[in-house]
Amino acid sequence: MHEAIPEIQAATTLEALQTVKTKYVGKSGLVTRELGTLGKLPPEERKARGAEINAVRQAIQTALDDRETTLRREALDAQLQSEAIDVTLPGLPLPAGGLHPINRVYDDLTGIYERLGYTVVEGPEVEDEHHNFEALNVPWYHPARDLQDTFWLEDGRLLRTHTSPMQIRYMTEHEPDLKIVVRGKVYRYEATDATHESMFHQLEGLVVGDHISMADLKGTIAEMARGLYGAGAKVRFQPSYYPFVEPGADFAVYWDNPRGESKWLELGGCGMVHPSVFKAVDDLREAQGKPRVYEGKTGFAFGLGPERIAMLKYKIPDIRYFYANDPRVIGQFRGEL
Ligand code: FA5
């Protein structure tokens, strides 16, 4: 039994210690069994022998308790050690996502318009013919429908070819005065090249009120150009034709930078809202039991492609890079939100 103490000392885990404990002081352990033999001794020896065994058992129990305390403390120390956090270590960088370049340009643009008091809205990409064409003064026989080749859906609906149908939707729901910009995807069934995609984005503007003039439109586009390209930015308007405006124009921004890469950037179309559009809106409102409130109003609208701005800003030579999901392109926009 005198091996008990060295065995206890040698136990390096709580499990090993439990084994030693069972071996000596468990129910059928050596010491317990020894105590059981007392009854067979002659009475005069019993007392002395009993005291002896009890002393041994006491010594073993004390050694067991001490060892257990030690092992538990060691285990706790080890755990604390392994789970310790060194708050002085530099943090691990987390892989950050990034905003797509088109969303960055959208944020720049909508930021400019929000500061001018515009409301930013979005609308459905699946449209009906009435909102995408008819109400915008493009009847079915109109050659302008060929200008925007359309993806038709099976149920006669279509993927919107521009964001202009939101002019109709918004005016049907809201009364003037109003100032909105619409952001979203548009689709055209056309061959792709470095500057044309079959899915791209537009930013549409619409302002309606009393005595809105072409001068207001030009001032607004100029303000946007300054917001994008600084105080020296210039804008150019050239007459153009869109059935839903009269007069209509295309506008370009003179893009000037210190590296001498100045050029005119053709951005989009604009014009004064055509009276036929206001009439179509009033007709829709009337059919819904709403008052006709657009007759006699004036307004301007514009629509532009943010891809053009992003291509110049980020020096992306081909529009198709935006949507090819090549991580080498998109990865360059990580981590600087
Ligand atoms: C329109 O879509 C008119 N709805 C714009 C408008 C709104 C005029 C309100 C008047 C009043 P357009 O088809 O020109 O117009 O397209 C507008 C802009 O979208 C273009 O200037 C160009 O920047 C961009 N765009 C047109 N087609 C593509 C294409 N396939 N890929 C990328 N961008 C395109």
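We did not get these values from a lab; they are worked out from the coordinates using the rules stated. All figures in this text were calculated on a predicted structure; none of them were measured in a lab. Heads up, the Cβs are rebuilt from the backbone with ideal geometry, glycines too, and the neighbour counts pull from every protein chain shown.
Conditions tested, residue by residue: (1) assigned to a loop (DSSP other than H, G, I, E, B); (2) aliphatic (A, V, I, L, M).
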| position | (1), (2) |
| --- | --- |
| 145 | no, no |
| 150 | yes, no |
| 155 | yes, no |
| 166 | no, yes |
| 169 | no, no |
| 172 | no, no |
| 179 | no, no |
| 183 | no, no |
| 186 | no, yes |
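Take the stretch 126-142 and flag every residue that is surrounded by 15 or more Cβ atoms within 10 Å (Cβ to Cβ) and either among the hydrophobic types (A, V, I, L, M, F, W, C) or part of a loop (DSSP other than H, G, I, E, B) (or both). Break it down stepwise before answering.
Here is the first cut: in the stretch 126-142, the residues surrounded by 15 or more Cβ atoms within 10 Å (Cβ to Cβ) are 127-129, 131-138.
128, 133, 135, 136, 137, 138 - these are the residues of the stretch 126-142 that are surrounded by 15 or more Cβ atoms within 10 Å (Cβ to Cβ) and either among the hydrophobic types (A, V, I, L, M, F, W, C) or part of a loop (DSSP other than H, G, I, E, B) (or both).
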message = I'd like to check something: does the stretch 101-109 contain any residue that is farther than 22 Å from residue 281 by Cβ and without any contact (Cβ under 8 Å) to a residue 40 or more places away in the chain?
response = yes
Selection from the stretch 204-220 of residues that are within 29 Å of the chain's Cα centre (by Cα) and of a type in the set (A, V, I, L, M, F, W, C) = 206
key: Members of the stretch 57-100 found to be farther than 30 Å from residue 331 by Cβ and among the aliphatic types (A, V, I, L, M), listed by number   = 59, 60, 63, 64, 71, 75, 76, 78, 80, 84, 85, 87
inquiry  = Condition (residue is surrounded by 14 or more Cβ atoms within 10 Å (Cβ to Cβ), assigned to a helix (DSSP H, G or I) and within 12 Å of the ligand (Cβ to nearest atom)) applied to the stretch 202-220: is it met by at least one residue?
reply    = yes
query = Pick from 158, 116: which is in contact with a Phe, Trp or Tyr (Cβ under 7 Å, 6 or more places away or on another chain), surrounded by fewer than 22 Cβ atoms within 10 Å (Cβ to Cβ) and of a type in the set (A, V, I, L, M, F, W, C)?
reply = 158
